[in-house]
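Before any comments, here is the structure.
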Amino acid sequence: MRHASTPRRPRHARLRQLAWRIVRAVGLGACVAVAVSMLAIVALRWASPPTTAFMLGHQIGAWRAGTSAAGVRYQWVDWADINPELAVAVVAAEDQRFREHHGLDFAAIRDALEERRREGRVRGASTISQQVAKNLFLWPGQSWLRKGVESYLTVLIELVWSKRRVLEVYLNVAEFGDGVYGVGAASVRFFAREPALIDREQAALLAAVLPSPKRFDVSHPSAYVRSRQNWILSQMEQLGGVSYLDDLR
């Protein structure tokens, strides 16, 4: 006796079900990622990060190369223990509209796009807030995906943290030399003193290498780094010196 076979669902119905499962999985993953990122950023409003994505990447690279001695130097320093000249120096060097923008500097982005169109040269337009998001959570690169995630994290950071907290974290996670992260490690490594004792010229010299800390050397500054240091010193004056920080909230 022959049994009636179960009718097979049409192929397009199976594909539709598969697509729906994929959409649900992606949606669930996105919700989890958003929740985790929000919790992490809220926690980091008060807690000091034990490490960052960039530090982990550097350490993994050192292990792979078998050069564990060239690992990460990192020491968190609270805002109160950092010479204010350091904070003004990095703002002068990296993001002079830091106090005015809300994480994304659209004027700087527009200028960078115009320069690329006119001269064919790519110039960075990342704010200090964007660099904090990138260093804490992301990977090196210039893909649209990474930029999109970076923008989302930047906006979230600006919503949750104060400007002073953004600057405090930046000063602690920025790379000032190969594997030297934050002003705590950099001050000791390059000047044999704590960041509270760094003078104005030293602060400007540290800020001068920020565009490319693996290329430029604080210990042996090139003529370009020295000229950039002098420019930063003049810009610090233009910003009003340490009084610039009075309005940071």
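Taking the chain as a Gaussian network of alpha-carbon nodes connected by springs under 10 Å, the highest mean-square fluctuation of the residues 220, 58, 102 belongs to 220. Model label points for residue 246 and residue 106, set 7 angstrom from Cα along the Cα-to-Cβ axis, are 3.1 nm apart. Long hydrophobic helices in the chain: the complete DSSP H runs spanning 20 Å or more by Cα along their own axis with mean Kyte-Doolittle hydropathy of at least 1.0 are 11-43. Would you look at the GNM of the chain, springs on alpha carbons closer than 10 Å, and say which of 200, 21, 226 moves the most? Answer for the Gaussian network model of the chain: 21. With N the number of residues in the range 103-249, Rg(Cα) / (2.2 N^0.38 Å) evaluates to 1.09.
Dividing the summed helix terms, -39500 (n - 2.57) for each DSSP H run of n ≥ 4, by the number of residues in the chain produces a 222 nm estimate of -19000 deg cm²/dmol to the nearest 500. Rg over Rh for the chain works out to 1.14, both radii taken from alpha-carbon positions and Rh defined as the Kirkwood radius.
Each of 209, 156, 128 was placed along the dipole of the chain (beta-carbon charges, centred on the mean Cα), and the one lying farthest toward the positive end is 156. A simple charge model with +1 on the Cβ of Lys and Arg, -1 on the Cβ of Asp and Glu and nothing else charged puts the dipole of the chain at about 2280 debye relative to its Cα centre. Say we join alpha carbon atoms closer than 10 Å with springs in a Gaussian network model of the chain; which of 79, 139, 46 then has the biggest fluctuation? Top of the fluctuation ranking is 46.
Every number here is computed from the coordinates shown, using simple stated rules; none is lab data. Just so it is clear, the model here is predicted, and its values are computed rather than measured. Please note: Cβ atoms are built from the backbone with ideal geometry, for glycine as well, and neighbour counts cover all protein chains shown.
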